[in-house]
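Let me begin by presenting the structure, written as structure tokens, before commenting on it.
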Amino acid sequence: MSAHTTESNIRPAPDAELAAIADYVAGPSAFSAEAYDTARYCLIDSLGCAMLALQYPACVRHLGPIIEGTIVPHGVRVPGTSHCVDPIKGAYDIGCMIRWLDFNDTWLAAEWGHPSDNLGAILSVADYLCRRPTPVANAPGSLKVRDVLTAMIQAHEIQGVLALENSFNRVGLDHVILVKVASTAVVMRMLGGTKAQIIDALSQAWIDGQSLRTYRHAPNAGPRKSWAAGDATSRAVRIALWTLQGEPGLPSALTAPKWGFQDVLFKGNPLKRSRPFGSYVMENVLFKISFPAEFHAQTAAECAMMLHPLVRDRLDQIERIVLTTQESAVRIISKAGPLHNPADRDHSLQYIVAIPLIFGSLTADHYEDKIARDPRIDALRDKMHVVEDPRYTREYLEPDKRSIANAVQVFFKDGTSTQKIEVEYPLGHRRRRTEGIPLLVKKFQDNLATRLKAGQVKAILDVCQDRARLEATAVDEFMAMWVLNQA
């Protein structure tokens with residue numbers, strides 16, 4: 001006779017990590033002044049990156065209603081455009097614009113990512129709630145920019161703290177899984193969801209189809225890595241709205257034997273968390289100030305900029321270039337062979353170093369085909385040798401350092417060489433805040449000027465540089481300042 005087994009259908013209590021995230025976002029928020037001030041800089045930097053992205057048709061084609069001509073009364077405004085869309089598409093569009101040029105803030109740990117990607121969902125839902133004629137049950141009637149900053153601190157924290165101990169890329173999943181999870185949690189709270197509903201929505205986010213990292217790595221790196229975060233943040237809004245309509249959750253979405261996230265997608269490893277949720281991530285977030293490039297290469301680009309005056313007239317005399325870096329850069333962005341598109345190039349350590357060595361600058365335009373055809377670039381790439389320094393790798397992971405070190409040295413055919421130029425902390429690191437913030441504000445101002453009229457730029461700068469005034473501004477009024485063709 002065959003043996004029969006029966007699985008228990010008694011539902012367990014919600015997974016502890018789902019409950020912990022829900023407790024954090026649903027509970028009282030008491031964050032530091034530093035967290036709010038950093039969140040303000042993160043907000044303006046992210047929106048500045050979005051304005052710059054609108055210079056690139058490959059980004060613009062993603063924006064606006066899915067079906068041309070669709071009208072959404074009282075919909076979400078897409079900054080820098082005349083589009084007014086539903087909150088799900090609004091989250092996608094804003095998230096896509098912020099992320100497109102790989103110029104927004106970042107977080108590096110066991111897993112890395114870009115916490116400001118969550119801003120797509122946060123701004124979209126905030127504008128939706130302010131403009132909706134019929135109030136959403138239990139949601140606040142009017143949101144201020146202070147509420148947006150609070151949601152940003154929370155989303156940064158959820159994404160960043162979970163990234164400290166859990167490496168999703170090591171099992172082939174893309175880091176945007178944490179964008180979906182963090183955005184789901186905070187927009188559920190913004191929409192007036194209860195703790196139980198937040199848990200339900202989070203469970204749906206964890207069991208949802210997760211993106212593979214294929215599009216970030218050779219030989220398949222491509223434009224999807226620029227819109228993947230927008231896709232994740234819009235999916236979070238969809239999950240939240242489903243939950244508010246009564247969609248139940250799955251309490252053991254993470255831990256269910258055989259069928260849960262941990263067993264199916266995380267190789268049986270438990271989800272780990274080494275610190276409580278607070279405002280640690282926002283206070284320590286890394287800004288990209290000088291270069292629109294993958295963050296593991298930021299200091300390498302800075303080294304190359306310093307070497308440019310010494311090599312620009314001797315490019316044909318170079319014998320080899322030694323790039324000393326951390327293990328993560330070796331694994332993620334060290335590439336040989338052809339680079340097929342801008343998204344491929346901004347994730348190539350060798351390309352990112354070659355450009356400032358040749359041109360003395362590195363902008364988003366340098367990744368476009370017109371520049372990439374310059375034969376000097378591949379000639380230099382072919383002469384580069386990438387070497388891991390164990391100290392760089394170790395200090396990259398140390399909580400009290402979190403360095404992202406690189407060094408570049410150029411050797412010439414006549415036997416001479418440049419000094420080995422080393423930069424351990426990028427300009428956007430917390431250790432370089434005093435030096436970096438004025439340049440971040442200048443970056444913001446320059447990016448606004450690429451898209452908006454002078455009067456709009458001045459009005460936005462005036463409110464954004466006054467923290468108290470910005471925090472007290474209604475979200476719908478703030479978003480109205482960014483509408484294209486405003487007088």
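Readers should treat all values here as calculations from the given coordinates under stated rules, not as data from a laboratory. None of the values given here were measured: they were computed from a predicted structure. A quick note on method: Cβ atoms are made from the backbone with ideal geometry, for glycine too, and the neighbour counts reach across all protein chains shown.
Computed quantities for the displayed model
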read-out: Proximal charge balance of Arg189 [Cβ under 14 Å; K/R count +1, D/E count -1]; value: -3
read-out: Residues Trp242 and Ser82, FRET efficiency given R0 of 45 Å [Cβ-Cβ distance, rounded to 0.05]; value: 0.95
read-out: Folded to 0 to 90 degrees: helix 195-207 orientation relative to the chain principal axis, Cα; value: 50
read-out: Cβ-defined net charge surrounding Ile66, 11 Å radius [Lys, Arg +1; Asp, Glu -1]; value: -2
read-out: Length-normalised contact order for the range 208-273 - Cα pairs under 8 Å, 6+ apart - percent; value: 11
read-out: GluC sites (Glu not before Pro) within the range 364-418: DSSP coil, no more than 15 neighbouring Cβ in 10 Å; value: Glu368
read-out: Only Lys, Arg (+1) and Asp, Glu (-1) charged, at Cβ; the chain dipole about Cα centre in debye; value: 200
read-out: For Leu286, residues with placed amide H under 5 Å, excluding near neighbours; value: Thr106
read-out: Computed E for Glu368/Arg11 - FRET, C-beta separation, R0 56 angstrom, nearest 0.05; value: 0.55
read-out: Cleavage-rule hits (GluC sites (Glu not before Pro)) in the range 7-107: DSSP loop, at most 13 neighbouring Cβ within 10 angstrom; value: Glu7, Glu68
read-out: Around Lys288: net Lys/Arg minus Asp/Glu count, Cβ-Cβ under 10 Å; value: -3
read-out: Helix axis angle, 298-311 relative to the chain longest principal axis, alpha carbon, degrees; value: 20
read-out: Cα gyration tensor category, rounded, prolate or oblate, for the range 362-477 with a/c compared to 1.5; value: oblate
read-out: Gain upon complete extension [Asn220, Leu310; 0.36 nm per residue less C-alpha separation]; value: 28.9 nm
read-out: Acute angle (nearest 10 degrees) that the helix 454-464 long axis makes with the longest principal axis of the chain, alpha-carbon atoms; value: 70
read-out: Ordering of 268-277, 156-165 by packing [mean C-beta count within 10 Å, highest first]; value: 156-165, 268-277
read-out: Loop trypsin sites (Lys or Arg not before Pro), the range 45-139 (other Cβ atoms within 10 Å of the site Cβ: 16 or fewer; DSSP); value: Arg61
read-out: Point-charge dipole on Cβ atoms (K/R +1, D/E -1) for the range 190-302, about Cα centre, debye to 20; value: 220
read-out: Mean separation of Cα contacts under 8 Å, 6 or more apart, over the residue count of the chain: relative contact order %; value: 20
read-out: The chain: antiparallel DSSP beta bridges as a percent of all, rounded to 5; value: 75
read-out: For the chain, the spread of Cα positions along each principal axis, largest first, Å; value: 77, 75, 43
